[in-house]
Amino acid sequence: MKMSMSDRVKNRLTGIAGMVLGVAMILIPVSVFGQAFEGSEFCQGCHEKNYRDWSASGHPYKLMKGEQARYRPIPLPLGTTWDDVSYVIGGYKWKSRYLDKDGYIITVTEDENGNPVNGQNQYNFLTGEWVDYNAGVEKKPYDCGSCHTTNWVANPNPEDLSGNQDGLPGIHGKFDVGGIHCEQCHGNGMTMQIDDSAEACGICHYREAAPGADVNVIPAGGGFIKHHEQYNESLAGPHDTMKCVTCH
């Protein structure tokens, strides 16, 4: 059956459209479909104010490479130089801990005379004091990346170094970048998932008081509220029906 002129034109246009779409699918970054990690600067282009607010918060600094942290006002434990540090945990306002060159948390330091000391390995910025964190524990691994890094994937077999960040035996997982960046909460690239519920923040800003305890119980020790339990505090206070982002 002979095709009309209009049908031939339609078929040709359809073919051209298919070719264009195919090329576009090749050229468009995978991130547009919510797959690849882009980095917070990718979000900055459209969300400049949000980017500035995020940059001024503690989120980007939850885990920093030593080569980055050394240019911030972060002290080092006695007996340690920056060449001994692979990463710094924290170091923004409250406290800092340190990973050695193998990725294990440093738990042994030195006294003023150069003698080994168990502990004195966490610096508290608010008091200007060194305190103990798992003092003297040998090869204390870093496995806290789900709340300290972006796109953390835990390694169920840490002896397989291919699943450890930088191939370091002490870091039991991999991540795209240290610290909590935009994509950790909003999805990679153009995914832009928006969950502004308090429960979403509570994934990391929560501490279990005791097995089976209510979520609104505030854990404390030595007369002080412990850290990263803002969700507990919110639920236990008069703002339990509000969202964290109402103020933050």
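Does at least one position in the range 208-227 carry a residue that is open to solvent by 40 Å² or more (accessible area, probe 1.4 Å), in contact (Cβ under 8 Å) with a residue 24 or more places away in the chain and of a type in the set (Lys, Arg)?
Among the residues of the range 208-227, not one is open to solvent by 40 Å² or more (accessible area, probe 1.4 Å), in contact (Cβ under 8 Å) with a residue 24 or more places away in the chain and of a type in the set (Lys, Arg), which makes the answer no.
Within the range 119-167, work out how many residues are touching a residue at least 12 places away in the same chain (Cβ under 8 Å), open to solvent by 30 Å² or more (accessible area, probe 1.4 Å) and over 17 Å from the mean Cα position of the chain (by Cα).
Residues flagged as touching a residue at least 12 places away in the same chain (Cβ under 8 Å), open to solvent by 30 Å² or more (accessible area, probe 1.4 Å) and over 17 Å from the mean Cα position of the chain (by Cα) within the range 119-167 amount to 16.
What is the number of the single condition among (1) at pLDDT 95 or above; (2) loosely packed, with under 14 Cβ neighbours inside 10 Å that Ile28 does not meet?
Checking Ile28 against (1) at pLDDT 95 or above; (2) loosely packed, with under 14 Cβ neighbours inside 10 Å, the one that fails is (1).
Which condition number in (1) closer than 16 Å to His227 by Cβ; (2) touching a strand residue (DSSP E or B) at 6+ places or on another chain (Cβ under 7 Å) is the one that Cys144 fails?
Of everything listed in (1) closer than 16 Å to His227 by Cβ; (2) touching a strand residue (DSSP E or B) at 6+ places or on another chain (Cβ under 7 Å), Cys144 misses just condition (2).
Taking the range 228-248, which residues are surrounded by 12 or more Cβ atoms within 10 Å (Cβ to Cβ) and hydroxyl-bearing (Ser, Thr, Tyr)?
Tyr231, Ser234
Exactly one of these conditions fails for Val177: (1) in contact (Cβ under 8 Å) with a residue 12 or more places away in the chain; (2) over 14 Å from the mean Cα position of the chain (by Cα); (3) closer than 22 Å to Ser55 by Cβ. Give me its number.
(2)
Where the second residue is of a type in the set (D, E, K, R) and surrounded by 11 or more Cβ atoms within 10 Å (Cβ to Cβ) and the first is free of Cβ contacts under 8 Å to residues at least 40 places away in the same chain and lies in the range 233-248, which pairs have Cβ atoms under 8 Å and are six or more apart or on separate chains?
The qualifying pairs are Ser234/Asp240.
Of all residues in the range 160-171, count the ones that are charged (D, E, K, R) and closer than 14 Å to Tyr104 by Cβ.
Number satisfying all stated conditions: 1.
Out of all the residues in the range 73-108, which are open to solvent by 50 Å² or more (accessible area, probe 1.4 Å), in a loop (DSSP other than H, G, I, E, B), at pLDDT 95 or above and in contact with a helix residue (DSSP H, G or I) (Cβ under 9 Å, 6 or more places away or on another chain)?
Scanning the range 73-108 gives a single hit, Lys101.
The values are calculated or read from the model by the stated rules, or taken from the named source; none is laboratory data. In this text, all values refer to a predicted model and were calculated from it rather than measured experimentally. Cβ coordinates were reconstructed from backbone atoms using ideal geometry, including for glycine residues, and neighbour counts include every protein chain displayed. Keep in mind that these areas ignore ligands, DNA and RNA; they rest on the heavy atoms of the full protein, side chains included. Shrake-Rupley method; radii C 1.70, N 1.55, O 1.52, S 1.80 Å.
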